[in-house]
Each structure stands twice: as structure tokens, then as C-alpha cells.
Amino acid sequence: MPVGEALVAKGLITREQFAEVAASLSSSNERIDEALVRQGLVSERDLLAVFSEQFSIPVVELSEGDIDPELLRLVPSRIVHKYGLMPIMRNGPGLRVATSDPYNMYALDELRTCVDMPVEPVLATRAEIHKLIKAFYGVGGEVLTEMVADAGDLEVIDEARIESADLDVQMAQDASVIKLVNEILVEAIDQRASDIHFEPFEDDFKVRYRIDGVLNFANVPPEIYRFRNAVISRVKILSGLNIAEKRLPQDGGIKLRVHGREVDLRVSVMPMAFGEGIVLRILDRTAIKLDLPTLGMEGETLERFSELIHRPHGIILVTGPTGSGKTTTLYAALSSIVTPELKILTIEDPFEYYLDGINQVQVLPKVGLVFARAMRSFLRHDPDVILVGEIRDLETAETAVNASLTGHLVFSTLHTNDAVSATTRLLDMGVEPFLIASSVEAVLAQRLIRTICPNCKEEYVPEHPEHFPRDFNYEPGEALWRGRGCRDCRGTGYAGRRGLFELFVMNDVLREMILERKSATQLQPVAREKAGLVLLRDEGWRLVRAGHTTPEEVLRATKA
């Protein structure tokens, strides 16, 4: 029975739908089953079930654990990529291989000839097969296989003597290089990476993705080393950077549309010992929800912080290392207070997200537009709320203080390890103690910690609790949570991140201590006793007991 008739007989499509699609293909080479899946009338899984009955080929669900890595050396990658076949395991004297297209008997015949053994097909979805091809043969493996085949036997021995900028540009605009770079970018975005690192070494060219705050090697074939200059040039072309300049750092940006959504990339190029290194920061505006509870703020911290950001004036600082989510928290705070009655101005370096109803300005040091100068101009624009991307120097700090003292609410960030240290950091910059005491309302310190994968989360009792730090106060026999590792979390046991917050709110006792230039070490115990300060570490242990994260993750992100 033809596949279309079988689908109608099973009630998966109507005869009218079948006739309509068949009529539309009268002048096309596309098969009816492919058109039905493309138009969403039939799922690929349902189609495979019909194929299974017709061809007596079983349908399987694939995972990386099903693959015998020893077989990968037997099957040429050219055939794997060309036909979308995935070798799975030996089956007696033969080879079991997954395909999504049982009609392509020529592919199976060619594979049978290459490996010189019987081939037994099984059916799997195209997405499952391609995911495994990427996992075992590498991202962009198909493109690199073609490029290596086309490269011939010519090899430039002393490449350093060649003025190769024009050659790099020509190769970077080759369709194969464009496709290779696109595959790397799309793979990183699909993996929820926040950064992509291209790193040149003497005999290697590494690509790494930062996923949930941790760097992981991208599964890129080693042949990419031969095309490293073309890859770097392609990224520079996309970023609008100077291809010929290889001695100085450069910064640029890329706008992409991936799977129907817009993604911004911030690009930084740095000359290194064996070529140019590139880091791309991925800013996916659709992947992040700018509200405080979604970021992980909850309970009393959320209540107190929500009250603080609705105050009419004062300074609210967010502190933490680079990549700890400070700017995202500030954007979430602004998003929660923006109304038609408020004028909100921001000065940033650079923009990370665009916010409706908020006037945003970007720092331009080349023309003298720096934080302090923008702040002074802001005050003539009658704002209610001002966000300064970062307080880096005394001039910016004093301008922010003056703005808060003249009736404006000011948000900004600082680089300190905890909340209490922000006051001593301002003192070190040269801000007078009375200005700090009278302007700063609160400091929020934060980190990002990985959360346990919900799909493989399990309860366990630690076998070696003596390894936990003393401040965890672990009770013998107490059950904790962890992730076993699964396909969804790439075997890490973690999926996603959330904020870990420490809120330091000023009161009269603390203001007096700041006037006396007390150190952070002296301020902290008083803040814990008199102002309800909960340290990052203690909040982390609370999240461990609540089943959100693991002790190892808290130890990685905080200090005792």
C-alpha cells in the first residue's frame, strides 16, 4: 500500500488533505511523505511507524549510550553526512545503522560496499540522527569533510611570511566556511551557551561554549585547524571589523535571526601568540525573562528589594564578579517599576537588552561620552530614575551620589565580592563617608549557580558527609538532591541557573559606622544582627536543602 494511502487508512490525514498535497507536488520532486511532514500534517514519528509496517524495519529511540564508538572508524564520515546515516552497533557479522529514509536503498548499498559486511537498517527521526552525528562526528563535520576533500595536497609551510588578508577574506566568503561558522553559532545558541570561545594554539584551534557558567569543548572535528584563519575572518566580517588589522584588539557585534528569533552577539577579538582569539557573548533577548522571581529572588529578600526599588531617591548598588548577572537584575528591577509616570534614563557600556519605555544611552569614549559626563547631562533631562552601567571611578561615584541627593533614584553596579564591601570600595575610590552614609540605601550582592536538572533529579544520602564544610551544618542521614545526568542536561546533572542573593540594607547603626570608616569585617556582623543580612553562603545552603542545587555548586560560587 502506498504511504499516502496507509496514512489515510490509519486516520492520520484525511483523503482531502492527501489529494491537496499531492496536487501541489505535481511540478515538484518532493515526495508526498516529505511534504506531509514539512507542512505539519503528519509527525515524523507517525510516518516512521507506517514505514516500519511497510518495510518491516523497527523504529528505535536513540541515545549516545546506544552507540559503539569503535564502529565510527569503520564508516566513512562522508557517507554518514551525505545520507544522514548513523552506525549504532554490531549485529552478529553485520552492522546496525539508523536512517530516517528507508526509500534510499542506494545509501545502504554504498555503505554495505564500503564496510564489506551486511547492513541492517533501523528507523529513527532525522533530528535524533543529526544530534548523534554532531555528538560523535562534530559540529560542522559535514562541511569540514567537504572542505578537506577540496583542499587537495597543497600546503603552505611558512604561512607567516604571506600577506594573507585578501586570501582570508576570499576564503571566509566561501559558502563552505559560511556554513561552518553558521553551524557553530546555531549549535551554541541551541545549547543555551552564553559565550563562544575561538582559541588558537600552536597545533590546534579550539572552540568552547560557556553553558550555565561552565566552559565545555564544542565537539568540532580537528580538521577545523586547517581553516582557522578563514573562520576568524568570517566572524570579523560578520562583526564589521577590520580584517587586515591583526595586531590590536577589536570589538564589534553581530545581529542574527535564529529559529525565528533575534539574537545579538557581542564580539571581542584579541591578538594572541598563535593567532587571533575571539569571544562572542550571546545576548538572546527572548531566552530571558526580566522579572525578579524568575531570576530566583524570593521570600523576604524579594519583599525588601521590591520596596527599595520603589523609593523616590537614593542609590541601590548591585555587586558581583563579571558574568554574575548584575545587569540582568537591574533590568528586571527597572522593568518592574517602569510606568508612564516615570522618566527612566540609562547609560550603559554596551547595551545588553532593549527595554520598552526606558531611554537608553551607550558610552562612547572616543567622543568623550563616558559615564560621568552622561550622568551630568541626564540631570538636565528631568529623570526620576537613572541607571549607571558601572561605577568605575571617583567622578562617576560622586556624580551618582549628587544625583541621589537631589531627588533621583540611582541604580548602578560595582565589582566587589560581597555586599558589605561596597561601602569600603567607595571609600577607597575617595568618596566621603558622609556622602555614602546619606545616599546609599542598599547593596545587593549576587552570584549565578547551576540548578539541578528536573528530568534526572534524585534524592540521596551523602556517603562522605565529613567532606562538607563546617558551616553547612549537615545532619547525619539528611537527604539531599542531585542530578544523575541525562540527555537533556548533557550528562552534567544541571540545567539552567538562578540567582543567589545577599541584600545589605542600610540603617542608622550602619550609617554611623560608615561615618567612622569602619571596615567591611566590622560592618558584617552588625548587619547580620541588626539589619537581617543573610550571606550568599547561607542562602546557598538554604537552596541546597530546598532541592534547587548541590553543595558542590555552592562551594564553587561562594567563599566561606
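Relative to the dominant Cα principal axis of the chain, helix 520-530 is inclined by about 90°. When only the Cβ of Lys, Arg, Asp and Glu is charged (+1, +1, -1, -1), the dipole of the chain relative to its Cα centre reaches about 900 debye. Take every Cα pair under 8 Å whose residues are at least 6 apart in sequence, average their separation, divide by the length of the stretch 345-431, and the relative contact order is 26 percent. Across the options A9, Y83, V279, the greatest Cα extent toward the positive end of the charge dipole of the chain (unit charges at beta carbon of Lys, Arg, Asp, Glu) belongs to V279.
When the Debye formula is applied to the Cα atoms of the stretch 433-476, each taken as the same point scatterer, what base-10 log of I(q)/I(0) results at q = 0.20, 0.27, 0.30, 0.32 Å⁻¹? Each listed q corresponds, in turn, to -0.89, -1.05, -1.05, -1.07. In terms of the Cα gyration tensor, with a ≥ b ≥ c the square roots of its eigenvalues, is the stretch 451-508 rounded because a/c is under 1.5, prolate because a/b exceeds b/c, or oblate? Taking the square roots of the gyration eigenvalues as a ≥ b ≥ c, the stretch 451-508 is oblate. Ligands, DNA and RNA aside, M272 has an accessible area near 100 Å² when probed at 1.4 Å.
Between amide H atoms placed 1.01 Å from N, distances below 5 Å from G496 occur with T451, all of them 5 or more places distant or on a separate chain.
Residues with beta-carbon under 9 Å from that of G496, excluding G496: net charge, scoring Lys, Arg +1 and Asp, Glu -1? Residues near G496 contribute +3 overall. Volume per residue of the convex hull around the Cα atoms, evaluated for the stretch 384-501, comes out as 166 Å³. Helix 536-545: angle to the longest alpha-carbon principal axis of the chain, degrees 0 to 90, nearest 10? Approximately 50 degrees, to the nearest 10. The residues of the chain expose on average 49 square angstrom of accessible surface per residue, using a 1.4 Å probe on protein heavy atoms. Of the heavy-atom accessible surface of the chain (probe 1.4 angstrom), what whole percent is carbon and sulfur? On the chain, the fraction of accessible area on carbon and sulfur atoms equals 50 percent. For the chain, go through all pairs of different Cα atoms, get the mean of 1/r, take its inverse, and jot down that Kirkwood value in Å. One over the average 1/r among Cα pairs gives 27.8 Å for the chain. Of C114, C453, the order by accessible heavy-atom surface (1.4 Å probe, DNA, RNA and ligands excluded), from most exposed downward, is C114, C453.
Computed about the Cα centre, the dipole magnitude for the stretch 227-311 is approximately 600 debye when only Lys and Arg (+1) and Asp and Glu (-1) carry charge, each at its Cβ. Normalised by the number of residues in the chain, the mean separation of alpha-carbon contacts (under 8 Å, six or more apart) gives a relative contact order of 9 percent.
Ordering T113, L334, G260 by the projection of their Cα atoms onto the charge dipole of the chain, which places +1 on the Cβ of Lys and Arg and -1 on the Cβ of Asp and Glu, puts L334 at the extreme positive end. Each Lys and Arg contributes +1 and each Asp and Glu -1, all at the Cβ; summed about the Cα centre of the stretch 302-402, the dipole is approximately 180 debye. Scalar couplings 3J(HN,Hα) for the stretch 320-329, obtained by applying the Karplus form with A = 6.51, B = -1.76, C = 1.60 to θ = phi - 60°, are x, x, 4, x, 8, x, 4, 5, 4, 5 Hz; x denotes Gly and Pro. Take every Cα pair under 8 Å whose residues are at least 6 apart in sequence, average their separation, divide by the length of the stretch 14-100, and the relative contact order is 15 percent. From helices alone, the chain scores -11000 deg cm²/dmol at 222 nm; the rule is -39500 (n - 2.57) for each run of n ≥ 4 DSSP H residues, then divide by the residue total.
If both residues of a DSSP beta bridge must be in the chain, then about 65% of such bridges are antiparallel. Run down the lysines and flag those whose C-alpha is under 29 Å from the C-alpha of K246, throwing out any fewer than 8 positions away in its chain. Within the straight-line limit of under 29 Å, K246 reaches these lysines: K179, K206, K236, K255, K366.
The values are calculated or read from the model by the stated rules, or taken from the named source; none is laboratory data. Note that the coordinates shown come from a computational prediction; the quantities given were computed from them, not determined experimentally. Virtual Cβ from ideal backbone geometry, glycine too; neighbours counted across all protein chains shown. The accessibility values were calculated without ligands, DNA or RNA, using every heavy atom of the protein model including side chains. Shrake-Rupley method; radii C 1.70, N 1.55, O 1.52, S 1.80 Å.
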